[in-house]
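A quick write-up on the structure given underneath.
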C-alpha cells in the first residue's frame, strides 16, 4: 500500500491539466446504453507526456479516437494512433524542454466526448548531472530562502522539476525552462522575489539580473526566481529533490531541526521512502531515513546555511553536509568551508 501510494504521489504527469470539458453526446448509441443499463461513463484524461523528441502520449481511462488536435505554439503532426494511450508523432523533433499547450478532443465508442487543454514540456534527453549544493531555510528581508545547485556536466535544464515535499505535496514546486548550462555552474533558485527587476537567466548572460541589496544575485551564477513572497522552507523539517522527466531523482536532501524518530508530517515520510527506493537518500544502516538520518538544521539562520562539502564524495547521506559559520552563506558561489560549532 505504501509503495502504491508513493507511485501515485510522485510519478506524475509533466504538468496538471488546465481545463477539461466533458460532453456526453446524445447519440442513439448512448441512449440505448442507458436504456439497456450498460455503462455510458465518459472517458477520463489521465496524463500527457513527451516520450521522445517527436512523440507525445496522451493517456485516457478508455479507448478513444482523436477528432481534433491543436498545439500552441503550432506543431506539425505526422500521425495519430488512437487507443487508451493516444500516441502522436510529429513531423520534426521539438527542442528539449519547450513548453507547449495541447488542445485535444476525443470520442469513445459510446459517443462520449472529452476536450482537454493541457500544458507539457517536450522531451529533454540532455539533462545535466548536478547536486544540491547549498540551502538557506530562513528569511530576513532582504535575504530570502534559496536552493543552490552545482552542475557536474553540461546539458539542458528544460523540464527538470523541483519538489518540496513538506510544502507542495505531490505537485512540482518549480519546473525549469530550457537553459543550456556548462559543467561547474552554480544555479540559485531564489524562493521569494523582492526585486521586480529579477529575471530568470536562461541564456548566456548571467548578469541579466543586476546585483542589488534586494536580491543577492551573482553575475557569475545563474539565477532563477520564484514569483511570490511566501515562505516555502522551514528549518523544522524539509525535503528538497529534483526529478527528470522519467521521475528519476537527480539529487535530494532531507533536513530536520531535531533527531526525532518520526517525521512531523506524513509527506516527509513518504518522500523519504520514495528517495530511499531510488537510492537518493539513505540512513546510516542503508534503510529509509528518519529525521535522525537527515542533515541537522538546528543551527541554521539567515547567514548560516546548510552547505555541501564541495569536492567530497557524494554518499547521499547527512555526512555530505555541514552548517556554515555565521555570515558564511554564499548563494551563487563556492561554499565557505568554515563550519559552525555549537556552543
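Read the figures in this text as sums done on the coordinates, not as results from a lab. Everything quoted here is computed from the prediction, not taken from an experiment. Quick reminder, even Gly has a Cβ in these numbers, built from the backbone with ideal geometry, and neighbours come from all protein chains shown.
When the label point is put 7 Å from the Cα of residue 303 along its Cα-to-beta-carbon vector, which residues of region 315-343 have a backbone N closer than 15 Å? Taking a point 7 Å out along Cα→Cβ of residue 303, the residues of region 315-343 whose backbone N falls under 15 Å are 324-331, 336, 338-341. Its Cα gyration tensor gives the chain an equivalent ellipsoid; the semi-axes, largest first and in whole Å, are 42, 24, 17.
Under the definition of Cα pairs under 8 Å and six or more residues apart, what whole-number percent is the relative contact order of region 184-343?
Numbers: 313 pairs, mean separation 28.5, N = 160.
Here the relative contact order equals 18 percent.
Percent of Cα pairs in region 251-343 per distance bin of 10 Å, from zero to the largest separation: 17, 45, 31, 6. For the options 276, 70, 232, a Gaussian network treatment of the chain with springs between C-alpha atoms closer than 10 Å singles out 70 as fluctuating the most. Relative to one another, the C-alpha centroids of region 154-233 and region 324-343 are positioned 21 Å apart. Using only Cα atoms, find the angle between the long axis of helix 266-277 and the longest principal axis of the chain, and express it within 0 to 90 degrees, rounded to the nearest 10. Orientation of helix 266-277: about 90 degrees from the principal axis.
Note on region 74-147: percent of Cα-Cα distances in each 10 Å bin, starting at 0 and stopping at the bin with the largest distance, equals 13, 30, 22, 17, 14, 4. Of all DSSP beta bridges in the chain, what percent run antiparallel (nearest 5)? For the chain, the DSSP antiparallel bridge percentage is about 90. Projected label points at residue 117 and residue 244, each 7 Å from Cα along the beta carbon direction, are separated by 3.3 nanometres.
What shape does region 300-343 have by the C-alpha gyration tensor, where a ≥ b ≥ c are the square roots of the eigenvalues, rounded means a/c under 1.5, and otherwise prolate means a/b greater than b/c and oblate the rest? It is oblate, given that a/c is not under 1.5 and a/b is not larger than b/c. Between 228, 108, 214, the Gaussian network model of the chain with springs among Cα atoms under 10 angstrom shows the greatest mean-square fluctuation at 228.
Between residue 292 and residue 65, take the C-beta separation as r, use R0 = 51 Å, and let me know the FRET efficiency to the nearest 0.05. About 0.40, to the nearest 0.05.
In percent, rounded to a whole number, the relative contact order of the chain is 13, using alpha-carbon pairs under 8 Å and six or more apart.
At 25 °C and a viscosity of 0.890 mPa s, what translational diffusion coefficient does Stokes-Einstein give for region 135-218, taking Rh as the Kirkwood radius over Cα pairs? Give it in µm²/s as a whole number. If you can, show how the numbers build up before the last one.
Numbers: Rh = 13.9 Å.
D = 176 µm²/s.
Highest GNM mean-square fluctuation among 202, 67, 193, for the chain modelled with Cα contacts below 10 Å: 67.
When 317, 89, 341 are ordered from fewest to most other Cβ atoms inside 10 Å of their Cβ, what list results?
Numbers: 317 17, 89 13, 341 8.
Fewest to most other Cβ atoms nearby, the residues stand as 341, 89, 317.
For residue 72 and residue 310 in one chain, what is 0.36 nm times their gap in residues minus the Cα-Cα distance, to one decimal in nm?
Gain in length upon complete extension: 81.4 nm.
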